[in-house]
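**Q** My questions all concern the structure below.
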Amino acid sequence: MVLQIATPINQLGVGVARQVKIVTRLALFGTKLRRALTVAAIIAIGAATGPAPAFAIVSAEYYAPPVAQCKNATLTADANCTVTVTPGDVDDGSYDPNGVTVTMEVSPASLTGTGSHTVTLTVTGYKGALSTCTATVTVVDATPPDLTCPGNQTVNATGPTGTVVNYPAAAASDNCGSVTVGYSKDSGTLFPIGDTTVNVTATDVALNESTCSFKVHVKKAAEQINDLIAKVNALPDVKSPNKTALVTKLQGALAALAVNNTATGCGLMQDFINLVKAQKDKKLISAAAAVDLTADAARIRAVIGCP
């Protein structure tokens, strides 16, 4: 507002008569409408013994506020399920009718969590005049879950059809909430002899997916016999001739299975068990070692399908 005084106030006498005239004018500049309100107040002041009437002219101009225009927006959440909203995301052509450049600010500028959020756009124009509008910001999750599979698993078969395998769970997490993990073959089920690939899929609430896989290897009888040979050779405090006697039985069983001679293989595995017991009784091997070797041999016989 601009104040103009034609005659200084201190030169005006004391009086009671006043006349006020208000005039409103509209002016069009280019494509923008500018509203200017001019108030002309003519005050006539007189007194019976005072000086001649004097005049004061007061004028004021008012400018239209800026125009705030919003639009809705869809933004993608970051790794923390958060988005930063800028004025450009929600501004839909806000302007100031007075022709000045506006400044804009969004509140809140940081949103966390998927779904709809309401934000306010504040537009500042000429001489600090403000206007606001609101917009809906939809936060979406486009980030797949983090997924880490367990390592490859190797287990011994316990029968001709394989064995039940309990493998570790995959590790899964998501930036915006819970994750559902699925396996192509569940832990705690029967895995056949040989290699089985387990495919793992992690799905978040937005249906983003991640996948990984690992292998489960179930050892057949021949592999387990080779492991047993290595275990015998590694026995501490057992003399070499005693080890050789045990290994000979195992090598014979291995050779029999290589030509599908199951009966001979079963017989030699039983001979191994009997020899372990004999060496234990003679204190040639420890009782603990005997229990361990016997358990392995009995499991191999079960895998072979011995009666």
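Each reported figure results from applying straightforward, stated rules to the coordinates on display, with no laboratory input. Computed from a prediction, not measured in an experiment: that's the story for all the values here. All Cβ positions, glycine included, derive from the backbone under ideal geometry; neighbour counts span all protein chains shown.
**Q** Quick one: if you stick a label point 7 Å off each Cα along the C-beta vector at residue 92 and residue 212, how many nm between them?
**A** 4.5
**Q** What aspartates and glutamates could a cross-link reach from residue 219, if we take a straight Cα to Cα line under 20 Å and drop same-chain neighbours fewer than 8 places away?
**A** Cα-Cα hits under 20 Å: 186, 195, 227, 292, 296.
**Q** Could you check the simple spin-label distance between residue 235 and residue 155, using points 7 Å along Cα→Cβ, in nm with one decimal?
**A** For residue 235 paired with residue 155, the spin-label model returns 2.9 nm.
**Q** So how far apart, in nm, are the two label points at residue 197 and residue 110 if each is 7 Å from Cα heading toward Cβ?
**A** Taking the two extended label points, one gets 4.4 nm.
**Q** Please list, by residue number, every one of the trypsin sites (Lys or Arg not before Pro) in the range 231-307 that is coil in DSSP and has at most 13 other beta-carbon atoms within 10 Å.
**A** 239, 282, 283
**Q** So if I take the centroid of the Cα atoms in the range 129-208 and the same for the range 248-280, what is the distance between those two points in Å?
**A** 44
**Q** What list of ³J(HN,Hα) couplings, whole Hz, do you get for the range 203-208 from phi and the Karplus terms 6.51, -1.76, 1.60, once you set θ to phi - 60° and write x for glycine and proline?
**A** For the range 203-208, the Karplus-derived couplings read 10, 8, 5, 8, 6, 6 Hz, x marking Gly and Pro.
**Q** Something else now. Cut-off under 23 Å on the C-alpha distance; same-chain residues fewer than 8 positions from residue 283 excluded. Which lysines are left, in chain and number order?
**A** 231, 239, 243, 249
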